[in-house]
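One structure is given here, and the rest of the page talks about it.
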Amino acid sequence: MRRILFLAALAVFAAACGKPQVKVLSKGLVFPESTDAPWSNCHASTLAWTPEGLAAAWFGGGPEGDPNVKIWFSRLIDGQWTEPVMIAEGKEGEKTVACWNPVLWQAPDGPLRIFYKAGPRVIGWWGETRASEDGGLTWSEAARLPDGFLGPVKNKPFLSSDGVLICPSSMEYPDESWKLHFEFLPPSGAVEAGEISKTGELEDPEDLRAIQPAILDHGKGRLQALARSRFGGLVTTWSSDNGRTWGPVMKTGTDNPNSGIDAVSLRDGRFLLVYNDTPVGEGQWTGRRSPISVAISRDGIEWKKLLDLDALADGEKGELSYPAVIQAPDGLVHISYTFSRRSIRHVVLKVE
């Protein structure tokens, strides 16, 4: 009893001193590993909070780039994930091509939208989008983005204070150069009206070769983006004009094995980052995608690791990677990530 009282008093004291507290409320799989799902490989999940509750999507099929890789969708209803349904496949004329990196976006007072990429390879893929007016039960026909536009390449878009949907994006080129840019869409995410534009490719003075940025909101039009680098470690860039222009890409000093990340601006002003807290292997272009971890920051510069969500055992093959993170209306944080390409993990956190 004395130990319990001591621990409770310690928790109260830590909270009073402003020390972050995090509690894992639930942790499970969106679909069982033993499921008879029509894929052998799944990856790159995305989350959105809709009027009907939490929704998730991911790509699944054979190996990345296989023509049977499609976009799949599920909703969390009464604590249970619905049976996954296929909501998009890539087409190039009559030919079926692979789908990649879906991103869900729930427009305020508008439809739920899915952005995704299609094409045989990352180099040369293109962006497509569909919309749902009923929380994901039915979807519009696919609309292809104009040439040179991909939409949000991995992480959720950001609705700026002046009503523009900013899509964090990037391009990968045949010479292995990677470049960040940002695209601007109407708040609904619709591309049919043609009201879209984009920045130029961001300055990269140290040749860090970054892709797949995540946007953080520092208020009063000041935005930050975090991204992965081909050479390892997280990089960052800043905007002071609601994302219209961005500064050069810079190192942060935070480890990452050239693997996808995501981040979210919490309503209390802090920032949460989900990432692989490991370096790139020496002489390599990637590293071990385990553990997958959560860090918190008050300024977007100094990050304090809170916990490891998951970790593979020594010598165990697989990966825990490509997270998505959102904060629900009740303040709880929802995270999804690839569970060794066999399933998608869903974790709920309470962060204080």
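Numerical summary
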quantity: Whole-angstrom gap from the range 254-289 to the range 172-189, using each part's C-alpha centre; calculated: 20 Å
quantity: GNM result for the chain, Cα springs below 10 Å: residue of 98, 263, 295 fluctuating most strongly; calculated: 295
quantity: Highest-first arrangement of 271-281, 133-143, where packing means the average Cβ count within 10 Å; calculated: 271-281, 133-143
quantity: Label point distance in nm, residue 91-residue 35, each placed 7 Å from Cα along Cα→Cβ; calculated: 2.5 nm
quantity: Residues whose placed amide H lies under 5 Å from that of residue 309, excluding near-sequence neighbours; calculated: 292, 293, 294
quantity: Estimated dipole of the chain in Debye, rounded to 20 [Cβ of Lys and Arg +1, of Asp and Glu -1, Cα centre]; calculated: 1100 debye
quantity: Selected from 137, 99, 124, residue furthest toward positive end of dipole (the range 89-139; charges at beta carbon); calculated: 124
quantity: Rounded FRET efficiency, nearest 0.05, which uses the C-beta distance separating residue 147 from residue 316 and R0 of 41 Å; calculated: 0.45
quantity: Amide H contacts of residue 344 (H built 1.01 Å from N, under 5 Å, at least 5 apart or other chain); calculated: 30, 31, 339
quantity: Orientation-averaged projected area, Cα convex hull of the range 272-352 (nm²); calculated: 6.4 nm²
quantity: Those GluC sites (Glu not before Pro) in the range 255-333 that DSSP places in a loop and that have at most 16 other beta carbons within 10 Å; calculated: 282, 302, 316
quantity: Proximal aspartates and glutamates relative to residue 19, as straight alpha-carbon distance under 19 Å, when same-chain residues fewer than 8 apart are discounted; calculated: 268, 299, 302, 308, 352
quantity: Semi-axes of the equivalent ellipsoid for the chain, Cα gyration tensor, largest first, Å; calculated: 30, 24, 22
quantity: Probe 1.4 Å, protein heavy atoms only - accessible area per residue of the range 172-222 in square angstrom; calculated: 47 Å²
quantity: Sequence-distant lysines (8 or more away, or on other chains) whose Cα lies within less than 18 Å of residue 70; calculated: 91, 95, 117, 154
quantity: Summed residue charge, Cβ within 15 Å of residue 207's Cβ, Lys/Arg positive, Asp/Glu negative; calculated: -2
quantity: Relative contact order %, the chain, counting alpha carbon pairs below 8 Å whose residues are six or more apart; calculated: 14 percent
quantity: Where only alpha carbons of the range 219-277 are counted, the Rg and the Dmax (Å); calculated: 12.0, 33
quantity: Per-residue SASA entry for residue 218, accessible area with 1.4 Å probe, Å² rounded to 10; calculated: 60 Å²
quantity: Aspartates and glutamates with Cα under 12 Å of residue 305, excluding same-chain neighbours fewer than 8 positions away; calculated: 255, 277
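The values are calculated or read from the model by the stated rules, or taken from the named source; none is laboratory data. Fair warning: this is a prediction, and the values are worked out from it, not measured in the lab. All Cβ positions, glycine included, derive from the backbone under ideal geometry; neighbour counts span all protein chains shown. Ligands, DNA and RNA are excluded from the accessible area calculation, which covers all protein heavy atoms including side chains. Shrake-Rupley method; radii C 1.70, N 1.55, O 1.52, S 1.80 Å.
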